[in-house]
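Take a look at the structure set out below.
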Amino acid sequence: MSLRSRLLIALSTAMLGSTAAYAVPVTVTSYEMNNGNGLIQNGNYNYFDSTYSVPTNANTNGSSLVVPSNGAPKEALLTGGTGKLTDNVIPAQNYSFVPQNYVGWKYQDPTIKFHLEAGKSVSTITLYVASSYAGSLGFMGLVGQPASVDISVTTLGNTTFTPSYTTTFTDYLGDKYNGTEVITLAFSSPILSSDTFSLTLNRGPLLLDGINYYNNHVAGYGCDAAGCFLDNVNDFKNSAYTPNLEPWILLSEVQFTAAVPEPSTWIMMLLGFAGLGFGMYRRNARRVPAMA
């Protein structure tokens with residue numbers, strides 16, 4: 001058998017099982033974002049990132065405005081540290097019982113910029129958010145899971161691009177009524193962890209709990225199955241600032257993972273290269289001339 005044939009066989013053996021992989025966590029070294037909102041926005045709790053490791057604005061409302069917006073001044077911009085979003089605490093019950101485990105934004109589509117440890121290739125991002133199912137159970141929290149997540153990646157050379165990825169929504173622990181939704185973003189090609197990952201959470205449509213709330217509490221404002229409408233802007237009272245969108249997004253945890261080959265894959269690769277080395281050794285041995 002020729003050396004070329006042996007090489008092909010050895011490389012084929014090395015690649016066997018190469019699709020078998022498991023995920024390993026990639027450490028978040030810091031993230032940047034406008035802090036969450038709370039009581040000043042007529043909520044029941046302060047959904048601040050109060051455990052942020054750089055505490056300058058950790059216990060400050062993300063906006064001093066009663067009705068914050070994406071373009072509002074960032075009075076509580078968090079930079080240079082980490083907090084609730086990377087503490088590995090994933091709620092197994094509704095946010096109404098564990099509000100301290102969430103960061104929440106009202107009337108905003110929050111953007112969070114993540115910096116990761118270098119030397120890894122990120123294959124998936126997983127987000128744990130408060131589920132929209134809470135409204136159907138009567139909690140009336142005006143909370144909804146994001147309708148979508150946008151990703152922007154900036155390289156070390158300051159080039160920004162939008163990667164190709166697929167989005168999957170599942171229920172945490174397989175129980176849709178525990179109040180936690182899992183959003184998985186899987187990249188078609190791994191992305192270097194030295195790049196900066198910016199995630200924007202886009203609010204979903206106004207749900208039944210929101211329709212009932214605004215119909216019952218806001219004079220001059222109404223909602224029906226077709227959408228919401230404003231009768232008198234003076235009666236709007238900043239209570240339903242963005243018609244047709246659920247007011248609150250609550251985020252508990254964000255995880256980055258890298259896909260690495262399973263141990264069996266490494267074994268197959270080593271066997272393949274060992275076979276290649278042995279084949280080359282045999283070939284060279286036959287070429288050594290006999291001693292006189």
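Read the figures in this text as sums done on the coordinates, not as results from a lab. As the structure is a computational prediction, the values presented were derived from the model and not from experiment. No Cβ is skipped: glycine too gets one built from the backbone with ideal geometry, and neighbour counts run over all protein chains shown.
As a calculated quantity, the FRET efficiency between Asp175 and Ser121 at R0 = 25 Å, using C-beta atoms, amounts to about 0.15. Computed over neighbours whose Cβ is under 11 Å from that of Ser64, the net charge equals 0, Lys and Arg +1, Asp and Glu -1. Stretching Phe161 away from Leu77 to a fully extended chain increases their span by 27.9 nm, per 0.36 nm per residue minus the current alpha-carbon distance.
Taking amide H positions as modeled 1.01 Å from N, with prolines and chain starts lacking one, the residues under 5 Å from Gly36 and 5 or more places away or on another chain are Asp49, Gly62, Gly104. Once you have a ≥ b ≥ c as the square roots of the Cα gyration tensor eigenvalues for region 103-199, tell me rounded if a/c is under 1.5, and otherwise prolate or oblate according to whether a/b is larger than b/c. Prolate shape, in that a/c is at least 1.5 and a/b is the bigger ratio.
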